[in-house]
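Quick note: the coordinates plus some simple rules give every number you see, no bench work behind them. Values in this document were obtained by computation on a predicted structure and should not be read as measured data. A quick note on method: Cβ atoms are made from the backbone with ideal geometry, for glycine too, and the neighbour counts reach across all protein chains shown.
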Amino acid sequence: MANTIHVDVVSAEESIFSGEAEFVVLPGEVGELGIYPQHTPLITRIKPGTVRITPAGGGEEQLIFVAGGVLEVQPQVITVLADTAIRGHDLDEAKANEALKRAEEARAKAQDRQEVAAVEGEIAMLAAQLAAIRRLRKK
């Protein structure tokens, strides 16, 4: 089938998605990447955000939050190796908001640049997670 590409999204804990897709959008380091079947081979890092998968046959778009990781694209296969990956329907807005509040408090108490940078990375990841939740709610 030339009009589909196999997609695997995995985290350290589990395989989140494995199947055929018509189109995939990912949060690249310099902007969103849109990938169709027969894409040029590519390896790049991805930043926290939403992976959107349009499944083969026109099913419902799959949303997966990733907290960063690595993307490998081959003409017939897309592999996302995510630091953390959560299916869209498993995201918990209340937990994310609470974690964001704790991270902002930790940033206010941070003593050095390294500590501030670590907390700001956590805040960016949580902001991306909340954006993914909002996007899922709009559907």
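Of the GluC sites (Glu not before Pro) found in the stretch 15-68, the ones in coil according to DSSP and having at most 11 other Cβ atoms within 10 Å of their Cβ are E29, E60. Please work out the ratio of the alpha-carbon Rg of the stretch 5-88 to 2.2 N^0.38 Å and round it to two decimals. Here the Cα radius of gyration is 0.95 times the empirical estimate. Anisotropy class assigned to the stretch 17-139 is oblate, per the alpha carbon gyration tensor with a/c at or over the 1.5 cut-off and a/b no larger than b/c.
Its relative contact order, with pairs defined as Cα atoms under 8 Å and 6+ residues apart, puts the chain at 22 percent.
Counting charges near T84 (Lys, Arg +1; Asp, Glu -1) among other residues having Cβ under 14 Å from its Cβ returns a value of -3. Using θ = phi - 60° in the Karplus curve 6.51 cos²θ - 1.76 cosθ + 1.60, the 3J(HN,Hα) couplings for the stretch 116-131 round to 4, 4, 5, 5, 5, x, 5, 5, 4, 5, 5, 5, 5, 5, 5, 5 Hz; x is entered for Gly and Pro. Work out the P(r) tail for the stretch 92-138: percent of alpha carbon pairs separated by more than 11 Å, whole number. Of all Cα-Cα distances in the stretch 92-138, 63 percent exceed 11 Å.
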